[in-house]
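These notes concern the structure reproduced below.
The values are calculated or read from the model by the stated rules, or taken from the named source; none is laboratory data. Small disclaimer: the values here were computed from a predicted structure and weren't measured. For neighbour counting, all protein chains shown are included, and Cβ atoms are generated from backbone atoms with ideal geometry for every residue, glycine included. Only protein heavy atoms, including side chains, enter the accessible area calculation; ligands, DNA and RNA are left aside. Shrake-Rupley method; radii C 1.70, N 1.55, O 1.52, S 1.80 Å.
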Amino acid sequence: MDRIALFDTKPYDRVWFDKLNTHYKIKYLEPKLTEDTVSLAHGCRAVVPFVNDTLDKAVIDALCDLGVEIIAMRCAGYNNVDQKAAAGRIPVVRVPGYSPYAVAEFTIGLLLMLNRKLHKAYFRTRDFNFSLSGLVGFDLHGKTVGVIGTGKIGQIFIQICRGFGMEVLAYDPYPQKDKDYNYVSLEELFAKSDIISLHCPLTEDTRHIINADTIAQMRDGVILLNTSRGMLVESEALLDGLKSGKIAGAGLDVYEEETEFFFEDRSETTKRDTLLSLLVSMPNVVLTSHQAFLTTQALHNIAQVTLENIDAYLHDGKLQNVVVQ
Ligand code: NAI
């Protein structure tokens, strides 16, 4: 039986891989893939990393030395892969769109929670505090939302926003054709949006696309949503914006230094990232642990497409959903 290794495995990953796997011996590994743990892939034909695994040159060299034949990412993003190091040596495939609905719907959840202060109301009523003071929100109807990145997730997010009666401004260097919302420059989007939501990948162009300069261009009291990648936002500038009131609220499912903390219970640690601690302590921040993808449909699709990607290569010599070959 061919062996494959899943790194950074959580119980919810196992459920769907166990259900759908018919012919691999799966090594479920809890540690993240790093230079220190890569040897655990010994004897495996494929490795299956996730968003916060390390796939730098050292790890890719080690995977090649171990004779691993394919890196099958079980996620859409691949900004953690050193593509140059892999090119021509070991193919990298991914799951391009396992459930754009999961992420778009979660983003709306963050917006509603922040705007209507549901995070505060939930705790108040549990404490038999039925006061409404400090819980005033605003109607989303008629507000302008700026959407950066109109791919699979961004488009569904836009549809939902339009259902609320919101005006949409969009920015994407590769605009969709025949759409009934307006594409504008980034400057115009920053200047005219009441809410800004990031749905673009992390690239050299988008790293810190939200920074002190771009925050200064935004409307006072803007709400910022980031369910894409932490590095899109310069956290220190975000914190300054939140403190000054320029940014009225931030809904964050990602954080630029999330790797050490997200997906794990770190409640006992006193070695805390200072910026992360400050962000979660703000009353107008809702921060979740890279959770937007986490629905049964998405987990099913991730397991199914990952296994199909591996089968296609190992059994038919074909590459599908290729990142690097
Ligand atoms: P996609 O590839 O369908 O769409 C990305 C869009 O961003 C494309 O239309 C592309 O043209 C655009 N884009 C590229 N460079 C840009 C730039 N400089 N400025 C503005 N737009 C730019 O990707 P999809 O599936 O919609 O995912 C979007 C992002 O969501 C992913 O890159 C990933 O980082 C994130 N994601 C987060 C998850 C979570 O659990 N929080 C789960 C899945 C994805």
Search result, residues across region 262-281 that are within 21 Å of residue 228 (Cα to Cα) and open to solvent by 30 Å² or more (accessible area, probe 1.4 Å): 263, 264, 273, 275, 277, 278, 280
Could you give every pair whose Cβ atoms fall below 6 Å, whose first residue belongs to region 211-226 and is open to solvent by less than 40 Å² (accessible area, probe 1.4 Å), and whose second residue is in a strand (DSSP E or B) and among the hydroxyl-bearing types (Ser, Thr, Tyr), counting only separations of at least 6 or pairs across chains? 225/197
Scanning region 286-300 residue by residue, the ones that are within 13 Å of the ligand (Cβ to nearest atom) and outside any helix (DSSP H, G or I) total 9
Taking region 137-159 and the residues there that are assigned to a helix (DSSP H, G or I) and either surrounded by 17 or more Cβ atoms within 10 Å (Cβ to Cβ) or among the hydroxyl-bearing types (Ser, Thr, Tyr) (or both), the one that is farthest from the ligand (Cβ to nearest atom) would be 158
So which of 134, 67, 109, 88 is within 16 Å of the ligand (Cβ to nearest atom) and not β-branched (Val, Ile, Thr)? 109
Scanning region 227-251 residue by residue, those surrounded by 24 or more Cβ atoms within 10 Å (Cβ to Cβ) and under 21 Å from residue 294 (Cα atoms) turn out to be 227, 228, 229, 250, 251
Every residue in region 104-118 that is in a helix (DSSP H, G or I), of a type outside the set (A, V, I, L, M, F, W, C) and over 21 Å from the mean Cα position of the chain (by Cα), please. 115, 116
Selection from region 9-54 of residues that are part of a loop (DSSP other than H, G, I, E, B) and small (Gly, Ala, Ser): 43
Conditions first: (1) touching a Leu at 6+ places or on another chain (Cβ under 6 Å); (2) at pLDDT 95 or above. Residue 95 passes all but one, so which condition is the exception? (1)
